[in-house]
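Accompanying notes for the structure given below.
The values are calculated or read from the model by the stated rules, or taken from the named source; none is laboratory data. Predicted, not measured: the structure shown is a model, and the values here were computed from it. Virtual Cβ from ideal backbone geometry, glycine too; neighbours counted across all protein chains shown.
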Protein chains: 2
Amino acid sequence: MSKIPKPPSIGKNVKHERSVQKLSLDELSTASGVSKAMLSQIESGKVNPTVATMWKIAHGLSVEFNVLMKGEGKKIRRFDINRKADITTLDADAAGVHISVLSPVSMAEDLELYLLTFKPGATLNSQPHYPGTEEFLTVLAGKVKVSAGENETILNAGDVLVYQCDIEHHIENLAATESRIYLVVRF
Amino acid sequence: MSKIPKPPSIGKNVKHERSVQKLSLDELSTASGVSKAMLSQIESGKVNPTVATMWKIAHGLSVEFNVLMKGEGKKIRRFDINRKADITTLDADAAGVHISVLSPVSMAEDLELYLLTFKPGATLNSQPHYPGTEEFLTVLAGKVKVSAGENETILNAGDVLVYQCDIEHHIENLAATESRIYLVVRF
DNA sequence: GAAACATTTTTAATATATTGAACACAGTTA
DNA sequence: TAACTGTGTTCAATATATTAAAAATGTTTC
């Protein structure tokens with residue numbers, strides 16, 4: 001009924017990571033707590049390892065679990081141009097805030113790019129995003145006050161702020177001129 | 001030697017996803033190809049499932065594999081400020097290109113942010129990055145020519161380009177003035 | 001109430017993931 | 001040559017993940 005989705009070859013990934021870090025099977029075995037016999041069989045693709053063991057291996061390699069689960073990946077080499085005229089823009093409910101959604105629709109699902117323009121005194125109130133979401137905020141011009149939960153700070157042009165935004169957060173323009181912000185949201 | 005990293009409770013995640021989609025064990029069993037007995041034991045945390053079975057379950061639930069691997073997650077809510085004065089800057093070998101590394105060191109490993117400034121006529125040649133790497137390029141000001149492999153395009157202020165950079169790529173400033181580029185690199 | 005059904009849990013048997021030890025294969029060193 | 005490393009691979013034994021079928025637990029219907 002359903003076509004086979006995609007079987008990942010975790011063995012290749014483990015072997016690659018291990019060779020990059022120049023570790024022997026013995027070393028990785030002691031570092032991860034998985035027998036070197038297992039490691040050998042996993043790398044040669046003779047077994048379907050348990051998530052628990054893969055977890056231990058990922059820890060032993062000190063890499064994210066997902067790294068070892070990489071599928072074949074996209075073959076096509078993308079080169080997508082998104083012209084200024086085609087970029088969707090919108091004005092926040094609170095007047096004085098202009099938002100450009102830079103991310104093309106075809107883009108990766110877990111990353112979004114925005115360019116924000118604040119008129120003097122303008123404020124943007126954002127509802128909590130999905131849990132685990134992080135925002136990377138760069139002030140290109142002006143001066144703004146950012147608050148998320150109990151945290152709050154004032155940023156000038158050139159400053160960068162990283163914060164989790166799975167909580168209500170606010171951005172307020174303190175400059176007498178327009179403030180511009182580059183915003184990267186990762187889910 | 002090494003402190004326990006974090007054991008994820010995948011059972012909870014599977015049960016949650018299944019209840020959200022209002023599926024019975026039988027339905028998910030036929031949809032995923034995993035016996036309902038397995039599903040029951042996985043949800044009650046009595047077994048350490050194989051990655052292969054978890055993969056099938058993820059497909060049956062039509063969710064990303066990672067979704068079912070959600071650990072307890074980071075408790076601490078980050079709010080890291082990186083002041084302009086603290087941001088590391090460097091000049092490329094080719095004169096006329098100034099690079100600001102916006103990403104704080106404490107930042108996620110799979111994401112990097114750069115702010116590039118090109119003097120008139122300046123060019124930046126980049127060696128291939130790690131396979132699968134993608135760059136999200138936003139032209140803040142000026143006019144540049146970007147080429148990656150056989151692809152090439154000219155971008156003006158406000159344009160956005162998404163391309164894979166696991167290949168040699170070049171950025172050249174065509175404007176008579178300085179060009180500024182915001183660059184997001186994801187691994 | 002019980003009969004009929006849907007859903008989840010447990011049971012017993014099988015398949016296989018995991019392990020420690022033995023093995024094979026290099027590259028030193030003497 | 002042999003002895004001694006370090007490397008990765010197979011071997012038999014054990015632990016356990018996985019399954020089909022049965023038992024248990026609701027949930028509806030008459």
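Before moving on, here are some points about what is shown:
- Residue pairs whose Cβ atoms lie under 7 Å apart, separated by 6 or more positions or on different chains, with the first residue in region A:30-57 and touching a residue at least 40 places away in the same chain (Cβ under 8 Å) and the second within 10 Å of DNA strand D (Cβ to nearest atom) and outside any loop (DSSP other than H, G, I, E, B), are A:Met54/B:Val51.
- Residue within region A:90-97 that is at pLDDT 65 or above, within 14 Å of chain B (Cβ to nearest Cβ) and not in a loop (DSSP other than H, G, I, E, B) present: no
- Of the residues making up region A:16-34, those that are more than 13 Å from DNA strand C (Cβ to nearest atom), away from chain B (no Cβ under 13 Å) and farther than 15 Å from A:Glu64 by Cα are A:Ser19, A:Lys22, A:Leu23.
- Residues of region A:12-22 that are within 8 Å of DNA strand D (Cβ to nearest atom) and in contact (Cβ under 8 Å) with a residue 12 or more places away in the chain: A:Arg18 alone.
- For A:Glu135: the one exception among (1) more than 9 Å from chain B (Cβ to nearest Cβ); (2) over 28 Å from B:Gln164 (Cβ atoms); (3) surrounded by 18 or more Cβ atoms within 10 Å (Cβ to Cβ): (2)
- Meets criteria (more than 26 Å from B:Val162 (Cβ to Cβ), out of contact with any Gly (no Cβ under 7 Å at 6 or more places or on another chain) and at pLDDT below 90) for A:Gly142: no
- Test: residue in region A:159-174 that is closer than 26 Å to B:Ser100 by Cα, facing chain B (nearest Cβ under 7 Å) and surrounded by fewer than 19 Cβ atoms within 10 Å (Cβ to Cβ): no
- So B:Tyr130, is it modelled with pLDDT of 90 or more and surrounded by fewer than 19 Cβ atoms within 10 Å (Cβ to Cβ): no
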